[in-house]
There are 2 protein chains.
Amino acid sequence: MNARSVIDGDMARTTGSHSDITGPRIREVALRLFAAEGYAAVSMRKIAAEVGVQAGALYNYTPDKQSLLFDLMHGHMEDLLAARAQAGTAGTPTDRLEAFTRFHISYHEERPHEIFIAYMELRNLTPENFVVIEGLRGKYEDELSGILRAGVESGEFTLVDPRVATRAIISMLNGVTTWYRREGRLSLTDVETIYWDMVRKAVGA
Amino acid sequence: MNARSVIDGDMARTTGSHSDITGPRIREVALRLFAAEGYAAVSMRKIAAEVGVQAGALYNYTPDKQSLLFDLMHGHMEDLLAARAQAGTAGTPTDRLEAFTRFHISYHEERPHEIFIAYMELRNLTPENFVVIEGLRGKYEDELSGILRAGVESGEFTLVDPRVATRAIISMLNGVTTWYRREGRLSLTDVETIYWDMVRKAVGA
DNA sequence: GTCTATAGAGTGATAGAC
DNA sequence: GTCTATCACTCTATAGAC
């Protein structure tokens, strides 16, 4: 019995057969390492070592390192858009802006690494992969743009330039990833409230 | 005569002697490549190739790759703090906040790459180097924190949490690096005005 | 100061045994 | 499905000629 079997609690299985657990573990470890050290600084051997397999075994789950990054980012963007579609999109522009702001921040609770790599690792995607991810990012940001434009048209918001305001708000909200820690002095709900207060005032609502 | 001599316009000099020009060129190229592709993804050979020398020649100017990154970031932070000290720090908290906001954005005009790597490449610093840069970053952010606290105390600003507001505003302002291009539809002065409008309202001034 | 050459370690990815 | 072993490079950094 090797060390990994103990960790898995998987004592009855054939020695080297863990397809159901290894796949998710690889994604999990890669996500954490990419977020902590950056895609380019993380080797396949390092990922394998933390998973508890040899480097060659990774290639049963991913054709190459680039696909690993792309799949993580792509899965994240799909999940983000799906979760966003479930969240509140009704009401006045102010209501919708509050829903968007709180949604984006609350999404950090379970997926802080995903949000972090989604905006930090874009430059490490191949051109073809970049186009796909950038398209999904655009879809997400367009939701915010739409809210801001609607608010300006209805007179609820006073914004000089809604396009730039979109970028500014997204940057501000994404910044949460760089300092928020679950064990810190503030809960994520506190953070939501503080940011919503600033966003609401910033747009003039 | 080699190709580099033609580029330099430096035809009278001994073949391989360019200490006065090569040093700055290395820093310039490294800065641009680190900003575009990330420190870990850029090799010394790639820097050397763009400068127009062989990789070994770089080590006449830097003891190692890490020092190159550190020197760029350290020089930038020193320059940023020095330039900031020259800018307006008088008046009401609102005046001071406007000066800080405009200063930070206008600094993108000449040093967009420096600002970008200063917040993107922190994780690629060795622990000892990280401590130094993080200390300088703290000094800079403390200036903003001080302004926000003063504004809250004087009743000019309405902020739930000035510490979080500092992070939020810094993130928002740094976000300019991710989308602003000199050849775009807006001048940096336009951007200053748009951001200052949002910051001013966000703090409740 | 720059060159060529190279040491020594590490890289992504593959082949074949089990 | 995982292992060991390895290919073919690339990496940082150094040594010594010029």
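Where residues in segment A:36-58 are assigned to a helix (DSSP H, G or I) and away from DNA strand C (no atom under 11 Å from the Cβ), which of them is surrounded by the fewest Cβ atoms within 10 Å (Cβ to Cβ)?
To start, the set of residues in segment A:36-58 that are assigned to a helix (DSSP H, G or I) comprises A:36-37, A:39-41, A:44-51, A:55-58.
Subset that is away from DNA strand C (no atom under 11 Å from the Cβ): A:36, A:50-51.
Working: A:ALA36: 13, A:GLU50: 16, A:VAL51: 23.
Result: A:ALA36.
List the residue pairs whose Cβ atoms are under 6 Å apart, where the first residue sits in segment A:160-181 and is under 25 Å from A:ARG111 (Cβ atoms), the second is hydroxyl-bearing (Ser, Thr, Tyr) and assigned to a helix (DSSP H, G or I), and the two are 6 or more positions apart or on different chains.
What qualifies is A:THR166/A:SER145; A:SER171/B:SER171; A:MET172/B:SER171; A:ASN174/A:TYR119; A:GLY175/B:SER171.
Only residues that are more than 10 Å from chain B (Cβ to nearest Cβ) and among the charged types (D, E, K, R): list them for segment A:170-205, please.
A:ARG181, A:ARG182, A:GLU183, A:GLU192
Assess whether A:ALA49 counts as being touching a helix residue (DSSP H, G or I) at 6+ places or on another chain (Cβ under 6 Å), within 16 Å of DNA strand D (Cβ to nearest atom) and of a type outside the set (Val, Ile, Thr).
Against the criterion (touching a helix residue (DSSP H, G or I) at 6+ places or on another chain (Cβ under 6 Å), within 16 Å of DNA strand D (Cβ to nearest atom) and of a type outside the set (Val, Ile, Thr)), A:ALA49 does not qualify.
Filtering segment A:153-169 down to residues that are closer than 22 Å to B:VAL191 by Cβ and more than 7 Å from chain B (Cβ to nearest Cβ), which residue is surrounded by the most Cβ atoms within 10 Å (Cβ to Cβ)? Reasoning before the result, please.
Restricting attention to segment A:153-169, the residues satisfying the condition of being closer than 22 Å to B:VAL191 by Cβ are A:157-169.
With more than 7 Å from chain B (Cβ to nearest Cβ) added as a condition, the list becomes A:157-159, A:162-163, A:166, A:169.
Numbers: A:PHE157: 22, A:THR158: 12, A:LEU159: 22, A:PRO162: 19, A:ARG163: 16, A:THR166: 21, A:ILE169: 27.
Residue satisfying both the conditions and the ranking: A:ILE169.
Evaluate the following for A:HIS113: is it open to solvent by less than 60 Å² (accessible area, probe 1.4 Å), more than 16 Å from DNA strand D (Cβ to nearest atom) and in the same structural domain as A:ASN174 (by TED's automatic domain parsing)?
No, not satisfied.
For segment A:20-35, name all the residues that are touching a residue at least 40 places away in the same chain (Cβ under 8 Å), more than 15 Å from DNA strand D (Cβ to nearest atom) and either farther than 14 Å from A:ASP71 by Cα or surrounded by fewer than 19 Cβ atoms within 10 Å (Cβ to Cβ) (or both). Let's see the steps before the verdict.
Here is the first cut: in segment A:20-35, the ones touching a residue at least 40 places away in the same chain (Cβ under 8 Å) are A:26-27, A:30-32, A:34-35.
Among the residues that remain, those that are also more than 15 Å from DNA strand D (Cβ to nearest atom) are: A:31-32, A:34-35.
Correct list: A:ARG32, A:ALA35.
One line per residue, one yes/no per condition, for (1) closer than 28 Å to A:LEU159 by Cα; (2) away from DNA strand C (no atom under 16 Å from the Cβ):
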residue	(1), (2)
A:SER67	no, no
A:LEU72	no, no
A:LEU81	yes, yes
A:ALA87	yes, yes
A:THR92	yes, yes
A:SER106	yes, yes
A:GLU110	no, yes
A:GLU114	no, yes
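Which of the residues belonging to segment A:129-184 are in contact with a Pro (Cβ under 8 Å, 6 or more places away or on another chain) and closer than 21 Å to A:ARG32 by Cα?
Scanning segment A:129-184 gives A:THR177, A:TYR180.
Taking the stated definitions as given, is B:ASN129 modelled with pLDDT of 95 or more and open to solvent by 60 Å² or more (accessible area, probe 1.4 Å)?
no
Looking at this structure, is A:LEU136 open to solvent by less than 50 Å² (accessible area, probe 1.4 Å), of a type outside the set (Lys, Arg) and under 23 Å from B:VAL203 (Cβ atoms)? Let's see the steps before the verdict.
Details: open to solvent by less than 50 Å² (accessible area, probe 1.4 Å): yes; of a type outside the set (Lys, Arg): yes; under 23 Å from B:VAL203 (Cβ atoms): no.
No: the conditions fail for A:LEU136.
The values are calculated or read from the model by the stated rules, or taken from the named source; none is laboratory data. All values derive from a computational prediction rather than experimental measurement. Counting neighbours? That spans all protein chains shown, and the Cβs are built from the backbone with ideal geometry, glycine included. Only protein heavy atoms, including side chains, enter the accessible area calculation; ligands, DNA and RNA are left aside. Shrake-Rupley method; radii C 1.70, N 1.55, O 1.52, S 1.80 Å.
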